[in-house]
1. Would you please list the contacts, defined by Cβ atoms under 7 Å and residues six or more apart or on different chains, that run from a residue in the stretch B:130-141 that is part of a strand (DSSP E or B) to a residue that is among the hydroxyl-bearing types (Ser, Thr, Tyr) and within 9 Å of the ligand (Cβ to nearest atom)?
2. Consider B:LEU188 carefully, then state whether it is part of a helix (DSSP H, G or I) and more than 14 Å from chain A (Cβ to nearest Cβ).
3. Among the residues in the stretch B:40-51, are any within 25 Å of the chain's Cα centre (by Cα) and β-branched (Val, Ile, Thr)?
4. What number of residues within the stretch B:106-125 satisfy the criterion of being in contact with an Asp or Glu (Cβ under 7 Å, 6 or more places away or on another chain), near the ligand (Cβ under 6 Å from one of its atoms) and either free of Cβ contacts under 8 Å to residues at least 60 places away in the same chain or in a helix (DSSP H, G or I) (or both)?
5. Looking at the stretch A:100-114, which of the residues that are under 12 Å from the mean Cα position of the chain (by Cα) and touching a residue at least 40 places away in the same chain (Cβ under 8 Å) is farthest from the other protein chains (Cβ to nearest Cβ)?
6. Looking only at the stretch A:85-99, count every residue that is farther than 20 Å from A:ALA114 by Cβ, of a type outside the set (A, V, I, L, M, F, W, C) and more than 9 Å from chain B (Cβ to nearest Cβ) and tell me the total.
7. Can you tell me which residue is nearest to the other protein chains (Cβ to nearest Cβ) among those in the stretch B:251-267 that are farther than 14 Å from B:THR86 by Cα and not in a helix (DSSP H, G or I)?
8. Which helices (runs of 4 or more DSSP H) sit wholly inside the stretch B:14-105 and have at least 3 residues that are within 16 Å of the ligand (Cβ to nearest atom)?
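Values in this text are rule-based calculations from the coordinates and carry no lab data. None of the values given here were measured: they were computed from a predicted structure. Methodologically, a virtual Cβ is constructed for each residue, glycine included, from the backbone with ideal geometry; neighbour enumeration extends over all protein chains shown.
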Amino acid sequence: MGAYDIILVGGSAGSLLPVTTILEQLPGDLDIPVVIVLHRLKNVQSEMDRLLSVKKKIIEPEDKEKIVPGRIYLAPQNYHLITETDRTFMLDYSELVNFSRPSIDVTFNSVALAYESRTLAILLSGANKDGAEGLCNVQEKGGKAVVQDPATAEFDVMPLAAINACTDVSVMNIEEIILHIKNNK
Amino acid sequence: MNDELSMADYLELVQVIRLRYGYDFSGYAQASLKRRMVRFMGHSGMPSVFELKYRLVNDEAFFNSMVQYLTVNVTEMFRDPAFYRTLKEDILPKLAAYPNIRIWHAGCSTGEEVYSMAILLKEAGLLDRTRIYATDLNPANLEKAASGVVQLEYMKEYTANYIQSGGIGDFSDYYSARYDRVILQKELRKNITFFQHNLAADQVFNEFQLICCRNVFIYFNRELQNHVLKLFYDSLSPWGFLALGIKESLRFTEMRNAYETVHGAHKIYRRKR
Ligand SMILES: C[S@@+](CC[C@H](N)C(=O)[O-])C[C@H]1O[C@@H](n2cnc3c(N)ncnc32)[C@H](O)[C@@H]1O
């Protein structure tokens, strides 16, 4: 058994390329779920198309959907994606958090509670501070917190915020992140 | 920042609310309700769970503000235009076959969805023979809904939604502006009855050809979802329609076989028989 039961990926401005790179290089026999939370512009389909062009099936979960190992999930536009402790999804249409819905913090916080030390959370490029609190929480629950090396990120605000907020985050470039996933599956 | 609430504290709060005020939140989706309780503590400046419990028990106005916060009230006019377009093009023509139409909006929040429906009914020439029952758990929402007042700042977005929904009129004909607010036309309101109804506790009260319950039952756990779907089944006429929110689904409930799918993408179902 690998080190993790779930992989989280969060990102905002400048994260689309790293996300697609990571997805494309995920091991084919990965047997844990991947949950992606991206800030998307309202009603802009083009980014989504780019993600969907990845040769992997990406699912936007519905409320109460069971989280199935090996699947790749993307938080739907305009909803917060929350995981319950029975490892199902819940969708929440409440106010924005950090000016965002979906908010990375909301998803990461709930996964930290549901999966605790079995969580690998990765925070990528972005121009705001969403995700830092969630990443710290994952780490406090014994999970692994990783940020994209700010030097390689198109926007470094998001990874820097997490580095400053949490006591112990690993700083990696995208190749190292992919390697970490492969080595711990 | 993210002060956690232990499971024991969470369950105790649910218990306190139920015993003191008769509102039962035990069937709500736990992770999200817990999150809202934590946020409410920050929002209301509660230093500890102990303090929160104390205030809850002793201060009814405080409790009311907590309910207002816990139940998510966010809503829009013509939210999800594709849904309204389908409603207009496919469902309303079917409802037109009934001499008297009854529609239930369960969890109507501040009414924006109800007025959207009334506008489409009016444009279809059906409003005069339709009775709309709009219910919610939260009396403050209902009061606001009944007033027919909407903030002016949202009208631009609602107008765009209305056009995308296939509205055939001039949206500005449906309201008059007053300073920073608008009031919706009286005629839209005349066939609507707003009243309190708790989906977790209250009973069937009429029979409907269409029930809209959108973005309400995502906040419930699976047992309560099943309960509500039974309540709706018993409240629908044979082949009556049920509309859920875009991300909600019957797939994960025990009641999925009691309904058939009419428009999967728009979450429109109907009662079998
Ligand atoms: C997010 S709003 C949905 C508003 C509208 N239907 C829409 O889709 O825009 C959810 C509403 O459900 C109501 N609600 C929550 N629990 C309820 C219950 N047990 N019975 C009835 N209404 C409830 C809340 O008060 C709130 O107004």
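1. Between residues of the stretch B:130-141 that are part of a strand (DSSP E or B) and residues that are among the hydroxyl-bearing types (Ser, Thr, Tyr) and within 9 Å of the ligand (Cβ to nearest atom), the close pairs are B:ASP136/B:SER109.
2. Criteria met by B:LEU188.
3. So far as the stretch B:40-51 goes, no, none of its residues is within 25 Å of the chain's Cα centre (by Cα) and β-branched (Val, Ile, Thr).
4. Looking only at that region, the number is 1.
5. Among them, the one singled out is A:ILE104.
6. Adding up the residues that qualify gives 1.
7. Filtering first and then ranking leaves B:PHE252.
8. In the stretch B:14-105, B:30-43, B:60-70, B:81-86 are the helices (runs of 4 or more DSSP H) which contain 3 or more residues that are within 16 Å of the ligand (Cβ to nearest atom).
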